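**Q** Pasting in a structure now, in structure tokens, and then I'll have a few things to ask.
Any read-out appearing in this document is the output of simple, stated calculations on the displayed coordinates, not a laboratory observation. Being a predicted model, the structure only gives us computed values, none of them experimental. Because the Cβ atoms are built from the backbone with ideal geometry, glycine has one as well, and the counts that use them run over all protein chains shown.
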Amino acid sequence: MKTEKKPSRLNLPKTALPRIYRIDAEIASGKFPNSDGLARMCETSVSTISRDIEFMRDQLFAPIEYDAYNRGYYYTQKTYRLPAGFTSAEDLLALGMAKSILSLYRETPLYEASANLLESIITPIASDGNRDWLENRIVVPKIASAKVESDIWKTIVSGLKGNRIVTFEYLGSGDKDYKNRKVRPYQLLFDSGVWYLYGFSEERKAIRLFSLSRMKNAVLTREPFVLPNNFDYKDSTGGSYFGVFAAEKKFKFEIDCFEEAVIYATERQWADDQKIIETDYGIKFKFTSTQYYKVLQWVLSCGCNAIPRNPKELVDDWKQHVKEMGKTS
């Protein structure tokens, strides 16, 4: 009677990790260990060792071969060692969070490659119970995201890697038609479901932000550029964290916050120099930033629970928006 071959192990029990690494160390030592010797050393059965080696070879892609002359196993790549495993509860939690956060990038070409890489790490070390925990109990809710076409992504990334100018047609805010743009790509930025290119616009002779989802017909030119010392987006925010927005002028903001806006303002670090001053009505929120329009959006999002006091530009813009909203009610 023909016996059916047992399927190879797909998931590695967490308790087997120490044994896997002992096997790895023995094989890497060049001693040509065999299944009998490994079983005695690990105090387990020969069949278990055989399954472990099969798992290492088939799932972890370890270059293991059996040498008939020396009657033992060896690595065909002499310097090969298994990568460090994620064995602690904290590591598994971190993996779960990483996989969940990765879902935010689902609409970009970055997602598939990153998801496959993360899965290759999770598969060997997570039992079925752990997988349920990682996938169903640690969740990042979906957000509205803008899709990026793969050809756009590849062109922009190539420009970043090679410091080469890119051209594309772009639909700017308020534009009715696409316009040609020629840009020195500095950085890719991600904010609230949207990818942005941060770079120097040849047409404007200034640094600008471009949404990748509003580009088409991107072309990688042969024109190189020298990356300037001050290319980093973080240096253009004035030390604040209101999202993707860059400018040169720095403002000193002062906002009175009430009710829910007090919690919203105090639970996060919005700027390096922010100050929270308690008042009879709530708090006075002070900070500096170059992200003017992002701050305006932040104040408007708080409704009647946030009133700007400084700078005058913010107060005037806020009043104008409130007035216009009143007309449409």
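**Q** Whole Å is fine, so just give me how far the alpha carbon centre of the stretch 244-309 lies from that of the stretch 159-213.
**A** Centre-to-centre (Cα) distance: 29 Å.
**Q** Suppose the Debye formula is applied to equal point scatterers at every Cα of the stretch 193-329; what is log10 I(q)/I(0) at q = 0.09, 0.14, 0.17, 0.22 Å⁻¹?
**A** Cα-only, vacuum Debye calculation for the stretch 193-329: -0.36, -0.76, -0.99, -1.35.
**Q** Contact order normalised by length for the stretch 133-182, with contacts defined as Cα pairs under 8 Å and 6 or more residues apart; what percent is it?
**A** The normalised contact order for the stretch 133-182 reaches 21 percent.
**Q** If you stretched the chain out fully between residue 284 and residue 190, how much longer would it get, using 0.36 nm times the residue separation minus the C-alpha to C-alpha distance?
**A** On the way: separation 94, 0.36 × 94 = 33.84 nm, distance 3.01 nm.
Gain on stretching residue 284 to residue 190: 30.8 nm.
**Q** Suppose the chain between residue 22 and residue 139 were pulled fully straight at 0.36 nm per residue; how much longer would it get relative to their current alpha carbon spacing?
**A** 38.6 nm
**Q** Using the number of other C-beta atoms within 10 angstrom as an exposure proxy, rank 158, 240 with the fewest first.
**A** Result, fewest neighbours first: 158, 240.
**Q** Per 0.36 nm of contour for each residue apart, how much would the distance between residue 258 and residue 312 grow if the chain were fully extended, relative to their Cα-Cα spacing?
**A** Extra length from residue 258 to residue 312 when fully extended: 17.4 nm.
**Q** Suppose a student asked you for the relative contact order of the stretch 273-313, using Cα pairs under 8 Å spaced at least 6 residues apart; what percent would you report?
**A** 24 percent
**Q** Starting from the exponent 0.38 and prefactor 2.2 Å, build the expected Rg for the stretch 14-75 from its residue count and divide its actual Cα Rg by it.
**A** Numbers: Rg = 10.5 Å, N = 62, 2.2 N^0.38 = 10.6 Å.
That works out to 1.00 for the stretch 14-75.
**Q** Another question, if that's okay. How would 166, 140, 157 line up from fewest to most surrounding beta-carbon atoms within 10 angstrom?
**A** Arranged by neighbour count, lowest to highest, 166, 140, 157 become 140, 157, 166.
**Q** What lysines could a cross-link reach from residue 312, if we take a straight Cα to Cα line under 30 Å and drop same-chain neighbours fewer than 8 places away?
**A** 205, 234, 249, 250, 252, 275, 284, 286, 294, 323, 327
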